[in-house]
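Below is one structure, written out as C-alpha cells; the observations come after it.
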Amino acid sequence: MGHETTIRILTTCALVGLLGAVGLRLTWDEVTSALTRCRFTLIVLANFLAVPALTVAAARYLEVKHDSAIAMILLAAAPFAPVVPIFTRMARADLALAAGLTAVFPLLSVPLSPLSAQGALRMLGGVDHLRFNMLASLAVLAATITLPLAAGVFAQHRAPVLAKKLLRPMEIISEAAGALSLAFVAITEFGSIRDLGWRAWLAMGMASELSMLLGWAVGGPARDARRVVAFGTANRNIALALLVAVQSFPGTPIVSAVVGNGLLLIGLGLVHVAWWRFVSATPPAK
C-alpha cells in the first residue's frame, strides 16, 4: 500500500467519524435556523471571489515560485474545510452554523471552485486551463463531508438515545485516526513541505490570516457566528484542492505543495482554536 493510499484511508475514516459525531450533537431545526440567520450570499462571495484574489496578491507580493503559487490558489478556491466543525466545537462557537455551512459548501464548490481557481490563475498568469471531473468530485465531497453530517443529524433526530451512546466512542476513535493521519502526512511529506521555502509559507500564512479577518467581518453581529465564518474562510478544503491538483497537474510539485500549505492552514487553525478557547475566554484580571 502506497503512502497516498494510506493517507487517503486514514483521512477519510477520521473525517467521516468526526463529522458524523458533529451531526450527532445537532438537530435539523438548529442547523436550518443557523443557516437562515447567516449572511449566506456575502459568505459565498467572500470565499469564492475575495479569498482567491487575496491569495494571488500575497503570492505576487512575496514572489512565490510558480508551482507553489498555483497550489496556494487551488486551496484558496476550495473553501470550508471539513475540519471547520471540529475547530468550531473545540473553540465553543456556533456548531450548528459550522455544520450547515460545511455540509452546503462542498455542493457549491463543485461548480464554483473550478471557476474561482481559473479566474485566480489567469490573474497569476502562466496557466491556460484546469481539468476537473465534476461528477467524481461531487461524489467524493458528498460522501466524505455532506453525508456524514446529515447522517449524524438524522440519527440524532430518529434515535436520540442511541446517538448519545454513539457520540463519545465515535469521537475518540475518529480523533485518534485524525491524529495518526496528520502525523503520517507530516512524516512522509516532510521533504516536500520543507522544500516549499519561507516565501511560500509566509505568503500562505498572510493569505490565511487576511482571509480569517475577512470571514470575521462578513460573519454577522454574533461573535460565535463570526468565529465559524472566520474558520471556514481561513481553512480550505485540502481534499478538493488535491483532487484538482491531481487531475490538472499530475506528477508535478504542485500536488505536494498543496499538502504542505494545507498542513500550514491546519496549524494556524489550531492556534486560533487555542486562542479563542483559552485566552479570549479568560475574564480580565481585576
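The values are calculated or read from the model by the stated rules, or taken from the named source; none is laboratory data. In this text, all values refer to a predicted model and were calculated from it rather than measured experimentally. Because the Cβ atoms are built from the backbone with ideal geometry, glycine has one as well, and the counts that use them run over all protein chains shown.
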Considering residues of segment 76-98 that are among the small types (G, A, S) and modelled with pLDDT of 85 or more only, the residue farthest from L264 (Cα to Cα): A96
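Could you list, in sequence order, the residues of segment 241-252 that are out of contact with any Ser or Thr (no Cβ under 6 Å at 6 or more places or on another chain) and crowded, with 19+ Cβ neighbours inside 10 Å?
Filtering segment 241-252 down to residues out of contact with any Ser or Thr (no Cβ under 6 Å at 6 or more places or on another chain) leaves 241-242, 244-252.
Those that are out of contact with any Ser or Thr (no Cβ under 6 Å at 6 or more places or on another chain) and crowded, with 19+ Cβ neighbours inside 10 Å: A241, L242, V244, A245, S248, F249.
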Residue that is nearest to the chain's Cα centre (by Cα) [pool: residues in segment 99-143 that are modelled with pLDDT under 75 and among the small types (G, A, S)]: S137
Checking V51 against (1) touching a Gly at 6+ places or on another chain (Cβ under 7 Å); (2) of a type outside the set (S, T, Y); (3) modelled with pLDDT of 90 or more, the condition it does not meet: (1)
Selection from segment 224-252 of residues that are of a type outside the set (A, V, I, L, M) and without any contact (Cβ under 8 Å) to a residue 40 or more places away in the chain: R226, P250, G251
Inter-residue pairs, beta-carbon under 6 Å, first surrounded by 13 or more Cβ atoms within 10 Å (Cβ to Cβ) and in segment 120-145, second modelled with pLDDT of 75 or more and not in a helix (DSSP H, G or I), 6+ apart: I145/P82
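Among the residues that make up segment 161-177, is at least one of them touching a Phe, Trp or Tyr at 6+ places or on another chain (Cβ under 8 Å) and either at pLDDT 80 or above or in a helix (DSSP H, G or I) (or both)?
Narrowing segment 161-177 to residues touching a Phe, Trp or Tyr at 6+ places or on another chain (Cβ under 8 Å): none.
Within segment 161-177, none of the residues are touching a Phe, Trp or Tyr at 6+ places or on another chain (Cβ under 8 Å) and either at pLDDT 80 or above or in a helix (DSSP H, G or I) (or both).
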Index of the failed condition, G219 passing every other in (1) farther than 30 Å from Q118 by Cβ; (2) touching a Cys at 6+ places or on another chain (Cβ under 8 Å); (3) at pLDDT 80 or above: (1)
For D224: the one exception among (1) surrounded by fewer than 21 Cβ atoms within 10 Å (Cβ to Cβ); (2) more than 18 Å from L268 (Cβ to Cβ); (3) modelled with pLDDT under 90: (3)
Pairs, first assigned to a helix (DSSP H, G or I) in segment 181-208, second charged (D, E, K, R) and at pLDDT 70 or above, C-beta under 7 Å, six or more apart: R199/E63; A200/K65
